[in-house]
Amino acid sequence: MKIGLYFGSFNPIHIGHLVIANHIAEHSDLDQVWFVVTPHNPFKKKSSLLDNYQRLELVYRATKDYDKLKPSDIEFSLPQPNYTINTLVHLQEKYPNHEFSLIMGEDNLKSFHKWKNYDVILENHDIYVYPRISDNKVNTQFTGHKKIHVVNAPIMELSSTFIRNAIKTRKNVKPMLPENVWEYLDEMNFYR
Ligand SMILES: Nc1ncnc2c1ncn2[C@@H]1O[C@H](COP(=O)(O)OP(=O)(O)OP(=O)(O)O)[C@@H](O)[C@H]1O
Ligand SMILES: O=C(O)c1ccc[n+]([C@@H]2O[C@H](COP(=O)([O-])O)[C@@H](O)[C@H]2O)c1
């Protein structure tokens with residue numbers, strides 16, 4: 001099976017993430033998209049991060065009605081901070097018959113040359129990149145690279161940071177989240 005790995009903090013997952021994952025699952029040769037919930041991104045501070053299992057619960061709720069979208073807790077048992085190369089090696093050993101690709105926004109491709117062993121990742125995996133509105137240019141070594149596939153997905157400029165800040169200041173964020181995710185955040189008083 002061909003699996004697209006969508007790595008993220010998902011703090012919380014929002015409809016921007018869901019629209020992209022669904023678009024790629026429907027319009028590429030990937031059979032499934034796995035949302036890999038990352039306990040600790042090496043480039044980010046851990047503060048204001050909801051518990052791993054709560055973020056996983058939110059991803060589970062957001063994806064449960066979509067056959068091709070699955071939550072993954074694979075990084076919970078791996079050393080932190082989570083370097084993507086380690087996760088890919090682990091997954092390939094665990095599922096030797098699956099072919100794993102990465103899904104990332106253009107913003108992540110811009111810093112991809114700073115990731116641990118990015119050249120090894122690129123040698124062994126395809127990367128599906130979708131457009132995002134951001135500054136800076138993609139490193140020229142990646143433009144036109146045979147492993148990098150540009151996906152013509154819709155641009156949904158939302159961010160988890162914006163949503164967390166809005167909740168803190170008591171703004172209504174309901175349309176930016178899947179309904180059952182919003183209900184859970186509200187019920188649990190998260191990010192207030
Ligand atoms: N609105 C969006 N549309 C498409 N992709 C997104 C969007 N927001 C985030 N992503 C992508 O989803 C993945 C996971 O992102 P992440 O969990 O960091 O979300 P975020 O909204 O950017 O969070 P934060 O604001 O906390 O940094 C990353 O590859 C990121 O590029
Ligand atoms: O492996 C690396 O060096 C590396 C550097 C920066 C980010 N990542 C991963 O990229 C993913 C996107 O993170 P985020 O927090 O922007 O959603 C997350 O799974 C991180 O662990 C990985």
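In degrees, nearest 10, range 0 to 90: what is the angle between the Cα axis of helix 84-94 and the longest Cα principal axis of the chain?
Helix 84-94 sits roughly 80 degrees off the main axis of the chain.
Among 106, 157, which comes first, then next, by fewest other beta-carbon atoms within 10 Å?
157, 106
Binning at 10 Å from 0, report for the chain what percent of all alpha-carbon pair distances ends up in each bin.
Binned Cα distances yield the sequence 8, 36, 39, 15, 2.
Arranged by the count of other C-beta atoms within 10 angstrom, fewest first, what order do 121, 15, 103 take?
Least to most surrounded, the residues fall as 15, 121, 103.
Give me the percent relative contact order of the chain, please, defined on Cα pairs under 8 angstrom at least 6 residues apart.
Relative contact order, the chain: 24 percent.
Can you tell me the orientation of helix 15-27 relative to the chain, as the angle in degrees between its alpha-carbon axis and the longest Cα principal axis, to the nearest 10?
Helix 15-27 sits roughly 40 degrees off the main axis of the chain.
Which of the peptides 164-170, 29-35 is most tightly packed, and how do the rest follow, judged by the mean count of other Cβ atoms within 10 Å per residue?
In decreasing order of mean packing, 164-170, 29-35 become 29-35, 164-170.
Along Cα→Cβ, 7 Å out, is where each label goes; now give me the distance between the ones at residue 31 and residue 150 in nm to one decimal.
Once both label points are built, they end up 3.0 nm from each other.
Can you give the three extents of the C-alpha atoms in the range 1-109 along their principal axes, from longest to shortest, in whole Å?
37, 31, 26
Just so you know, all these numbers are worked out from the coordinates, no wet-lab data involved. Remember, predicted model here, so these are calculated numbers, not experimental data. Ideal geometry is used to build each Cβ from the backbone, glycine not excepted, and the neighbour counts take in all protein chains shown.
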